[in-house]
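What follows is a short report on a single structure.
The values are calculated or read from the model by the stated rules, or taken from the named source; none is laboratory data. Computed from a predicted structure; not experimentally measured. Cβ placement follows ideal geometry from the backbone for every residue including glycine, while neighbour counts extend to all protein chains displayed.
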Amino acid sequence: QVQLVESGGGLVQSGGSLRLSCAASGTFFSINFRGWYRQAPGKQREMVAIITSAGDTNYADSVKGRFTVSRDNAKNTAYLLMNSLQPEDTGVYYCNFRGQSSWYGPNRDYWGQGTQVTVSS
């Protein structure tokens, strides 16, 4: 069983900063952080930032230069540092890991429970 626990969301004024964390725990054969996604009210879930196994990163155009994704493989924890937050960044943020619960099990996606980020103008 894999559990993902997110933290760090909250209410912040425009121009402020937040840092999200997502920690994977439980019993698994392999687990790898893939990225952060968000879903604004009335909109579909969208990619915010992803990171490859080699450490290459890719960001949504709307957050480039403001957000930074990182991970600590030893701790199975991922982070999203969000600076210069704007009201349009408001939404529920989800972390995504991919892994196997056992050596014979399928490689599958795991999602955090979501953390609310609200940016006031």
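Brief remarks on what is shown
- Residue 88 meets each of the listed conditions (1) assigned to a loop (DSSP other than H, G, I, E, B); (2) more than 14 Å from the chain's Cα centre (by Cα) apart from (1).
- Residue satisfying all of: in segment 77-115; among the polar types (S, T, N, Q) and modelled with pLDDT of 95 or more; nearest to residue 23 (Cα to Cα) among these: 77
- Strands (runs of 3 or more DSSP E) contained entirely in segment 6-84, each with at least 3 residues that are surrounded by 12 or more Cβ atoms within 10 Å (Cβ to Cβ) and aliphatic (A, V, I, L, M): 18-26, 46-51, 77-82
- In segment 83-103, the residues that are small (Gly, Ala, Ser) form Cβ pairs under 6 Å with partners that are part of a loop (DSSP other than H, G, I, E, B) and modelled with pLDDT under 95, at six or more places apart or across chains, as follows: 99/28; 101/28; 102/29.
- Scanning segment 100-121 for residues that are among the small types (Gly, Ala, Ser) and loosely packed, with under 10 Cβ neighbours inside 10 Å turns up just one, 121.
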